[in-house]
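First up is the structure itself, then whatever we jot down about it.
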Amino acid sequence: MIEYENLSKLNKEFELEFQEKFHYFLEEGWYILGKGTQNFEKEFANFLSAKECIGVGNGLDAMVIALKVLGFPIDSEIIVPSNTYIATILAVIQAGYKPVIVEPDINTYNIDPFKIEEKISNKTKAILTVHLYGKSCDMDPILEICNKYQLQLLEDCAQSHGALYKNQCTGTFGIGCFSFYPTKNLGALGDGGAIVLNNSELARKIRAFRNYGSEIKYENIYLGVNSRLDELQAIFLSVKLRHLNRINNHKIKLANLYFKNLSSSVIKPLINSNYKDVYHIFNIRHPKRDELREHLLNKNIKTEIHYPIPPHQQQALKGYFVEEYPISEEIHKTTLSLPISYFHSKEDILNVIEEVNSFVN
């Protein structure tokens, strides 16, 4: 069986380093916002070439906290892509704002910059981009729009640790919101998230906000929350951060096997010299997606669908969106995620390619 993901196999290589760090963690005896969290925050900021990093409980919290701390009026509108994972939209709603969704580019699967302006109103306060599957959004035109309309830029970087746009890391164009969910390229052994930015004053407020709104113990200056990156997860993340470039490069090599050998009968991800993709997900599209997935499963190859239902069709969001979103629906109906984990071998991927080609040809 070629599994889609196996976290035990994925993390096996780092086991001795985890054990060493866990022993230090026990000896240190400081389990919340200790040296491990502080060190990881500095290391991750340095990795991205950013000034500030604040560890929080998870990726959703990262977006909610960033949005709340910006303090927009309660009826403000935030632009998000129509084909994102629901967390991006939940963050806008939980922060007290209105999500306005924009269709993606059918080739990149990221928000189409040339469809954004038509959705801007006098209530629009921010654009929340999503660097989906490990590919950066087309940032130049998005930054131009933000400058033209004086909009705040936030980035959902849950799938793009180390991805580049014109040699700049995602998460450093605006306020970067990261998830360290275990399956991510930089994945914890539990939940975790971070907010990355270059504004030190705003970072100071976010640090307090994540910790009950407190900078000094028992003194609360904001109506904050309890969302702190777990100390143990922070030290595990420091271990894996040292290997992140190797993890990303391995996935890029596997992706190149797909690009070179997969049949042209499937739609493969777009390659562009402006981008360095890190392939958190390697998605293809095919009109007989469900039949292809069943064929692969019968050949002992597991796949995933990211994502089977577009946000505007989710029951939880009923009543939020009334327009048609045909591009998003087409993507969700035809996309299939092929195995591309750090533990997969070249032989695994060639096996997958052979079975995909046997079906589509």
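The values are calculated or read from the model by the stated rules, or taken from the named source; none is laboratory data. Only a predicted model underlies this, so the values are computations on that prediction, with no experimental measurement involved. Here the Cβ is made from the backbone with ideal geometry for all residues, glycine too, and neighbour counts use every protein chain on show.
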#### Entry: Residue check for His286: surrounded by 17 or more Cβ atoms within 10 Å (Cβ to Cβ) and within 23 Å of Lys115 (Cβ to Cβ)
no
### Query
Quick one: is Tyr149 within 24 Å of Ile331 (Cα to Cα) and surrounded by fewer than 23 Cβ atoms within 10 Å (Cβ to Cβ)?
no
### Task
Return yes or no: is Ile106 within 13 Å of the chain's Cα centre (by Cα), in contact (Cβ under 8 Å) with a residue 24 or more places away in the chain and surrounded by fewer than 18 Cβ atoms within 10 Å (Cβ to Cβ)?
no
## Note on the structure
The condition of being more than 18 Å from Phe180 (Cα to Cα) and either β-branched (Val, Ile, Thr) or under 22 Å from the mean Cα position of the chain (by Cα) (or both) holds, among Glu27, Glu3, only for Glu3
### Query
Given the residues Ala158, Ala203, Ala194, which is the only one that is in contact (Cβ under 8 Å) with a residue 60 or more places away in the chain, part of a helix (DSSP H, G or I) and touching a strand residue (DSSP E or B) at 6+ places or on another chain (Cβ under 8 Å)?
Ala203
### Message
Taking the conditions exactly as written (among the acidic types (Asp, Glu), surrounded by 17 or more Cβ atoms within 10 Å (Cβ to Cβ), under 15 Å from Thr108 (Cα atoms) and outside the structural domain of Ser136 (by TED's automatic domain parsing)), does Asp348 satisfy them or not?
### Response
no
### Message
Of everything in segment 273-287, what is without any contact (Cβ under 8 Å) to a residue 60 or more places away in the chain and either assigned to a strand (DSSP E or B) or out of contact with any helix residue (DSSP H, G or I) (no Cβ under 8 Å at 6 or more places or on another chain) (or both)? Give them in sequence order.
### Response
Ser273, Arg285
### Summary
Considering only helices (runs of 4 or more DSSP H) wholly within segment 2-80, the ones with at least 3 residues that are of a type outside the set (D, E, K, R) and free of Cβ contacts under 8 Å to residues at least 60 places away in the same chain are 15-28
### Query
Is it the case that segment 123-135 has a residue that's under 23 Å from Ser49 (Cβ atoms), in a helix (DSSP H, G or I) and in contact with a strand residue (DSSP E or B) (Cβ under 7 Å, 6 or more places away or on another chain)?
yes
### Query
Residues in segment 81-119 that are touching a helix residue (DSSP H, G or I) at 6+ places or on another chain (Cβ under 8 Å) and not in a loop (DSSP other than H, G, I, E, B): how many?
19
### Task
Only residues that are free of Cβ contacts under 8 Å to residues at least 40 places away in the same chain and either assigned to a strand (DSSP E or B) or buried (at least 20 other Cβ atoms within 10 Å of the Cβ) (or both): list them for segment 209-225, please.
Ser214, Glu215, Ile216, Glu219, Asn220, Gly224
### Summary
Only one of (1) touching a residue at least 40 places away in the same chain (Cβ under 8 Å); (2) surrounded by fewer than 19 Cβ atoms within 10 Å (Cβ to Cβ) does not apply to Phe178, and that is (2)
### Query
Met1 passes all but one of (1) under 22 Å from Leu244 (Cβ atoms); (2) outside the structural domain of Val196 (by TED's automatic domain parsing); which number fails?
(1)
### Query
If you check Lys217 against the conditions, is it of a type outside the set (Ser, Thr, Tyr), at pLDDT 95 or above, more than 18 Å from Gln94 (Cβ to Cβ) and not assigned by TED's automatic domain parsing to the domain that holds His280?
no
### Query
In segment 242-270, what residues are surrounded by 16 or more Cβ atoms within 10 Å (Cβ to Cβ), within 22 Å of Thr334 (Cα to Cα) and within 19 Å of the chain's Cα centre (by Cα)?
Ala255, Pro269
### Message
If a residue must be within 10 Å of the chain's Cα centre (by Cα) and either surrounded by fewer than 24 Cβ atoms within 10 Å (Cβ to Cβ) or not acidic (Asp, Glu) (or both), how many such residues does segment 152-169 contain?
### Response
5
## Note on the structure
The lone condition Asn147 fails out of (1) part of a strand (DSSP E or B); (2) without any contact (Cβ under 8 Å) to a residue 12 or more places away in the chain is (1)
